[in-house]
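See below for the structure under consideration.
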Amino acid sequence: MGRFPIPDRLRRRAERQYLIARAFNRRRALRPVVNRTAQIRKNDILALVTMRNERVRLPFFLNYYRNLGVNHFLFVNNDSDDGSGNYLAEQPDVSLWWTNAGYKRSRFGMDWINRLLAKYGHGHWCLTVDPDEFLIYPHCDSRPLPALTDWLEASGRRSFPAMLLDMYPRGHIEDEPYAEGTDPFTIARWFDPANYTISKNPYYGNLWIQGGPRTRKFFTAEPLSGPALNKTPLVRWDWRYAYVSSTHMLLPRHLNMVYDEAGGEMASGCLLHAKFLSTFADKSAEELDRRQHYANSKEYKAYHAGLRGGTDLWCSESREYADWRQLEDLGLISRGNWA
C-alpha cells in the first residue's frame, strides 16, 4: 500500500511548531543589555527591530513611531560598532539585547524576533519593522496606531498588511548627505506608482509582490529575483504564532489572509522604505562583505554592481510623495471599510 500524503495543514502546523522551538533554542544567543519590559502595560503597542550599525537612523525612527503610538521598543543589536547600542540603552522606552551570532544562521534575525515576540508580545499588537521602514496607513495623519488596532480588533482582524514602497531622491542618492535626526523623506521623496506584479502563494495564502525601482534598476535581467515587497508587520501576537520568512509571511496561515477575494478591498498600508539615502553605498559594501543575507547576499551583489556608476533611481514615471490619500488613489493602500 502506498503512503498517504500529509495534508498541508498538518505540514504547516509542524513547521510552526518547529519555528517556535527553534526560536526558543536560540534564546541563549541574546544577551540582555537593558531590559525594561516590566514597564509594558496591558494594552501597549510594541515595536520589534533587529539592527546593525544604524546609529544615524535611530533618532528619527524612534520619534516617528513614538508619535504614531508605539509604547515600547524591543531591539536586537547584532554586534554594532557605531554606537547604536549605547544610544539605545539610554532610551527610557527601549529594551535592548545584544548578539554576535550569525544573522544568516538565525534565519536573518527572525529566530531572535520570534523569541521576543513569544516571550513579551503575547496579547499585544506588535509591529515588526526594520530601522528604514515607516508605516503609513489610512487616516494616519489624524488617527494614531491605537485607533487602527482598536478598529482591527473590533473587526475581528489579527493582522494588518503593508506593501514595502521604495522611496528615492531625484538624482544620485549620493549627492545629498543624510543628517542624523532629519526626516529621510525630505530627501527620498519619490516612488514608483506602478510597475508591480502580484501573485498568490497557495501554500501560505499570502500575496507575493515584486517590482518597483529595485527590480527596475538592479534586477532588470531577472525580475523574479527582485526582493519581495509584501509584508504583514502588524499582528495581535499570540505565543503560538511564528514568522516564516522575514515579515513576508507567518503561521498560522489565516494571518496571511489580509485581502478580499470577493471583489471588495480590505484595509492595508505601506511601509515607506528609506533605504536609498547617501548611507546606502557604505551599508551595501558592509553587508556584501559580511555575506549574511538571503541567497548568499545576491541582492547586495546586485546593488554593488549597480553602484559602480552612481545610483539614480528616478525616471520619468516617478511620482513625488504627498500623503496616504495619494497612495490610496494609486491603489497602493486601501481604507477598506474603515471610513
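Of note:
- Amide H contacts of ARG236 (H built 1.01 Å from N, in plane; Pro and chain starts excluded): CYS126, SER159 sit under 5 Å, all sequence-distant by 5 or more or on other chains.
- Based on C-alpha pairs under 8 angstrom that are at least 6 apart in sequence, the range 1-112 has a relative contact order of 33 percent.
- Amide H contacts of LEU48 (H built 1.01 Å from N, under 5 Å, at least 5 apart or other chain): LEU74, LEU127, THR128, VAL129
- Leading residue at positive end of dipole, the chain (Cβ point charges), from TRP239, LEU68, TYR87: TRP239
- Extension gain (nm, one decimal) between TYR64 and ARG27, 0.36 nm per residue minus Cα-Cα: 10.4 nm
- Within the range 8-329, percent of DSSP bridges classed antiparallel, to nearest 5: 55 percent
- Toward the positive end of the charge dipole of the chain, with +1 on the Cβ of Lys and Arg and -1 on the Cβ of Asp and Glu, the farthest Cα among LEU277, PHE185, LEU58 is that of LEU58.
- The range 8-329 - convex hull of alpha carbons, volume per residue in Å³: 136 Å³
- Backbone geometry of the range 225-236 corresponds, through the Karplus equation with coefficients 6.51, -1.76 and 1.60 at θ = phi - 60°, to 3J(HN,Hα) couplings of 8, x, x, 6, 10, 7, 9, 10, x, 10, 9, 6 Hz, x marking Gly and Pro.
- At R0 = 56 Å, FRET efficiency that the Cβ-Cβ distance of ASP82 and ASP260 yields, to 0.05: 0.80
- Each label point was placed 7 Å from the Cα along the Cα-to-Cβ direction; for ALA281 and ARG9 their separation is 5.5 nm.
- At 1.002 mPa s and 20 °C, Stokes diffusion of the range 94-173 via Kirkwood alpha-carbon radius, µm² per second: 137 µm²/s
- Paramagnetic reach from LYS119 (point 7 Å along Cα→Cβ, amide N under 13 Å) across the range 80-101: 95-99
- In sequence order, the range 99-112 has phi-based couplings of 8, 10, 5, x, 4, 5, 5, 8, 6, 6, x, 6, 4, 5 Hz under the Karplus curve 6.51 cos²θ - 1.76 cosθ + 1.60, θ = phi - 60°, and Gly or Pro positions carry x.
- Normalised by the number of residues in the range 8-329, the average gap of Cα pairs under 8 Å and 6 or more apart makes the relative contact order 23 percent.
- Helical mean residue ellipticity (222 nm; -39500 (n - 2.57) per DSSP H run of 4+; nearest 500) of the chain: -8000 deg cm²/dmol
- Exposed trypsin sites (Lys or Arg not before Pro) absent: longest stretch of the chain, with sites in DSSP loops and at most 13 other Cβ within 10 Å deemed exposed: 106-239
- Charge tally around PRO92: other residues with Cβ under 12 Å, Lys/Arg +1 each, Asp/Glu -1 each, net 0.
- If only the Cβ of Lys and Arg carry +1 and only the Cβ of Asp and Glu carry -1, the dipole of the chain around its Cα centre is close to 1960 debye.
- Long-range HN-HN contacts of TRP190 with modeled amide H, under 5 Å: TYR168, TYR321
Taken together, the values in this text are just the output of simple stated rules run on the coordinates, not laboratory data. If you're wondering where the values come from, they're calculated on a predicted model, not measured in any experiment. Using ideal geometry, Cβ is built from the backbone for each residue, glycine included, and neighbour counts are taken over all protein chains shown.
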